[in-house]
Structures are given as C-alpha cells and as structure tokens.
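Since the structure comes first, as structure tokens, the remarks are kept for the end.
The values are calculated or read from the model by the stated rules, or taken from the named source; none is laboratory data. What you see is a predicted model; the values in this text were computed from it and never measured. All Cβ positions, glycine included, derive from the backbone under ideal geometry; neighbour counts span all protein chains shown. Accessible surface areas use protein heavy atoms only, side chains included; no ligands, DNA or RNA. Shrake-Rupley method; radii C 1.70, N 1.55, O 1.52, S 1.80 Å.
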Amino acid sequence: MKTNFVEELRWRGMIHDMMPGTEEQLDKEMTVAYVGIDPTADSLHIGHLVSIMMLKHLQAAGHKPIALVGGATGMIGDPSFKAAERKLLTVEEIQHNVECIRKQLSKFLDFNNGDNAAQMMNNYDWMKDYLFLDFIRDVGKHITVNYMMAKDSVKKRMETGISFTEFSYQLLQGYDFLTLYRKCGCKLQMGGSDQWGNITTGTELIRRMEGGEAFALTCPLITKADGTKFGKTEGGNVWLDPVKTSPYKFYQFWLNCSDEDSVKYIRIFTLLPKEEIEAIEAEHAQAPHLRLLQKALAKDITVRVHSQKDYEQAVAASEILFGKGTKEQLQTLDKDTIASVFEGVPQFSIAKSKIDAGIDVVDLLAVETNVFASKGEIKRALKENSISINKAKIAEGYSVTSTDVLAGSYIVVQKGKKNYYLVMVQ
C-alpha cells in the first residue's frame, strides 16, 4: 500500500525545510526526486542513511528515486559547513568508490520496480567532457556572485578562506539538478539541512534557464543528546561495509544509544510503522532496563544493512561477552565476529601444531602463553572452578586440542565472570 511521502516524513521527524509547493507537487503526480552522495570513501556510513531512508520512503509512496553519486563533485568537495578543504581524490579512486556504493544502495532501493524503479547516476558522466569555458558561459552567467556569497555555507568560510574550487561547488550541484530536470524530469532534490543553499541554487537555475519549477526538501542534521557527533565512535565512522565496521560493532552502536536518542532514531532509521513504534515505546517505558527500544532499533537496522544471520550472530556475541552466552553460541560465531567481540582483551598466540598434538591447560596458560603468571596461580584457579575454555568450565588435567579452536583461529579463556583472554592459534 502506498504511503503519503510528506506525512510519513513528518511523523518520523525527518523534515527540516520544504519549499512551498513541494507537497502539492508530490500529491499531483509521480515525482522524480534525487539525493546526492559524494563518493569520498568506498563505503557509505550511517550518516548517509538519513538521505537514503528519504529515498526509500519516496519510492514506497510511489515516486521515483535517483541516487546521484558525485563522481565529478566528489573531485572538489562540498564546503558546506566544513572548517577546511577536503583532500582531493583521483578519478580512479572515485570510480572504485562509486562501484562500492552502488552495491550498498541496492540493499535499500528497488532498482527493478517498473515505472518508479530507482536509478543510480553519476554526474561525472555529464561533467567529464564539459569544457570550463563552455560551463562558465552556459551556466555561470545565470547565477551572480552576490547570490552565491549570500549562502550561509559560503559565508561561514569567508573568514577562514575558501578556494575558488570549493566556491564553485554550489554551481556544479545546481547544474546537476538542472541536468536531471532535463534528462529525467526530476523536480525535487532532497538532502540534509546543510544542503539547502546548494539545492536552492539548482531550483534557481531551473527557473532561469528552463522557465521550470523545481522543489527542495531537507531533513534535520542528526545529533546525539549528549552533544557528541552522530555516527562517530572512538574508532571513527560507523560504516555500512562489514570489513570497516563489523556487524557486531554496528549492532552494538545502536544497542548502546540513549533512551532519548533511540526515540528519535527508531523513527528515522527503521521502517517500523507508527503504531508498532509507539507500542514499543510504551513497553519500554514500563521497563527501561530491558532496553526494548534499543533492541528493536538495533535489530531492524542490522538486518537491513547486513543480514538476519549477522544480526543473530551479533546478539549471540553480545550475550557471550556479558556473561549469558553458551559454548554452543560461541561456536556459531565466525572468525571476524570473534575478533570484534574480544577486541581489547589481552591476547596471546600459540603454534597450531602444539594444539593439534594436545596440550595440558596448565602448560597452555602458564607456560606457552603467560595468560597466568605461574602454574601455581592457574592450578589454584582451576581448583576454585573459575576457569572456562570457550564458556565451558574445566578442571585440572584438561587437555586443549584442535576441537577447542573456534573458527579455526581462537580459544576464548575466561577467569571468573569478567576477565577474558583470547588465545590465537597460528
């Protein structure tokens, strides 16, 4: 069943600014709309998800989404509310990034859905052969320097300095909108609230050069309740690529959101309907310690970005680290998840040949790896029944063999409830 796009965004808290007439245009006919993504890395991160979810809701409402990858503009860098100029990328780097992003977008948008099938386009296709003199003659004469300098994104950089390269960015983005208007009948551009100036430059170009009418819609920039930047952890960005951010860490990011943030994020980043979200919120309010809101948020988005299997492994991994997991759950985890879960715990290594031959647990942990300082220390711990191998309690005399090696690489040692050690079998 088709939804009303603007109403859907409104109750989800995803509208910041909207040009007059936008809602009427969307009610009138199937509307082509686009979001721009600069391919500055070979993966999207969760900061991109807001605009991607806008495209997702747009398509669900029966409209046609375009994901425009900025192969050309990505070579310059958008100055909007940035403190300094970006590192410029080569054509080869950008092309590689474009191909990676294309695969990730296919998890969210239907590229084979009849009249409103999503499209992915690259502005490098129409900019690569456009001569500079032709561009400033054909396009530049329609937008005054006064108009460009009046944009907040430019004004904020005037004190620290802005290169002509970055100053020209809004004109290039405006030309993208004009080109999509001409090629695809695109009448709406969407993005974050920091993009308002760039987007309205495009609507102005369409008005002046084509006599046409186009529209703009922006969503709020996502913030965290504690004032720290959304989508950032101690390790940097939270990426959609499982190699850059493991599914376990991805799941943990959402699971660890505050109650205040989760109320906002579950509307923006999931496809759960309003009634279900409100029911989860009510249940959460009765027992906040169960973190039902965070669990629902983390499940929905982890399954869609990664997979059901990755989600189940992340849940199992979480339970293992926090004391509830079982040996059977630990054995289901793959190598990368185990490494991710136990990142930061003391790590030791041992030759695979010694494990294959079988080694007494005392020798393994006190001689070969120094997990324990002495044989006497581990023997005392074994008598106290406080040592576990892969979540299973063991006693003195236990022989560690290849059957104890997880995912071909690891043995998890636990002393008491909270002290973990990872033995790498190499």
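What is the percent of Cα-Cα separations in the chain that go past 31 Å?
51
Could you list, bin by bin from short to long, the percent of Cα-Cα pairs of the stretch 120-271 in 5 Å steps?
2, 7, 14, 15, 14, 13, 12, 12, 7, 3, 0
Just to confirm a number: summing +1 for Lys and Arg and -1 for Asp and Glu over residues other than residue 296 whose beta-carbon lies under 11 angstrom from that of residue 296, what do you get?
After counting each charged neighbour, the total is -1.
With a sphere of radius 13 Å drawn around the Cβ of residue 388, what net charge do the other residues whose Cβ falls strictly inside it have (Lys, Arg +1; Asp, Glu -1)?
+4
Taking 0.36 nm per residue of sequence separation and subtracting the Cα-Cα distance, how much length would be gained by fully extending the chain between residue 224 and residue 401, in nm to one decimal?
Between residue 224 and residue 401, full extension yields an extra 59.0 nm.
Find the eigenvalues of the gyration tensor of the Cα atoms of the stretch 247-331, then list the square roots of 5 times those eigenvalues as equivalent ellipsoid semi-axes, largest first, in whole angstrom.
23, 15, 10
Report, to the nearest 10°, how far helix 292-305 tilts away from the longest principal axis of the Cα atoms in the chain, using its own Cα long axis and a range of 0 to 90°.
It works out to around 70 degrees.
Could you work out how much longer the chain between residue 145 and residue 233 gets when fully extended? Use 0.36 nm per residue separation minus the Cα distance between them, nm to one decimal.
Separation in residues times 0.36 nm, less the Cα-Cα distance, equals 27.7 nm.
Extension gain residue 384-residue 165, at 0.36 nm per residue separation less the Cα-Cα distance, in nm?
This chain segment gains 72.0 nm when fully extended.
Just the accessible area per residue of the stretch 241-374, please: how many Å² with a 1.4 Å probe?
Ligands and nucleic acids excluded, the figure is 48 Å² per residue.
Dipole of the chain, Cα-centred, from +1 at each Lys and Arg C-beta and -1 at each Asp and Glu C-beta, to the nearest 20 debye?
About 720 debye.
Using a 7 Å offset from the Cα along the Cα-to-Cβ direction at both residue 354 and residue 4, what is the distance between the two label points in nm, to one decimal?
7.0
Please list, or write none, the aspartates and glutamates whose alpha carbon is within less than 17 Å of the alpha carbon of residue 107, excluding same-chain residues fewer than 8 places away.
Those aspartates and glutamates meeting the cut-off are 42, 99, 241, 300, 310.
Which distance in Å, rounded to a whole number, links the C-alpha centroids of the stretch 246-265 and the stretch 1-64?
A separation of 23 Å, based on Cα centres.
For the chain, build the charge dipole from Cβ charges (+1 Lys, Arg; -1 Asp, Glu) around the Cα centre, then report which of 254, 326, 272 sits farthest towards its positive end.
Sorting the options by dipole projection puts first 326.
Hey, how many Å between the Cα centroid of the stretch 282-340 and the Cα centroid of the stretch 99-174?
Computed from Cα coordinates, the inter-centre distance equals 40 Å.
One-quarter of the Cα convex hull surface for the stretch 196-235, in nm²?
Across all orientations, the stretch 196-235 yields a mean hull projection of 4.1 nm².
How charged is the neighbourhood of residue 359? Take every other residue with its Cβ under 13 Å from the Cβ of residue 359, and add Lys/Arg as +1 and Asp/Glu as -1.
In short, -3.
Set Lys and Arg Cβ to +1 and Asp and Glu Cβ to -1, take the dipole of the stretch 93-231 about its Cα centre, and tell me which of 158, 127, 192 lies farthest positive.
Going by the charge dipole, the pick is 158.
On a 27 Å Cα-Cα criterion, which of the cross-link pairs 352/391; 2/229; 299/327; 327/375; 249/415; 224/295 come out too long?
2/229
So what is the accessible area of the stretch 104-236 per residue, in Å², with the probe set to 1.4 Å?
Each residue of the stretch 104-236 exposes 49 Å² on average to a 1.4 Å probe.
Ignoring ligands, DNA and RNA, what percent of the accessible area of the chain is carbon or sulfur (1.4 Å)?
51
Run the numbers on the chain and let me know its relative contact order in percent, using alpha-carbon pairs under 8 Å that are six or more apart.
Contact order relative to length: 14 percent.
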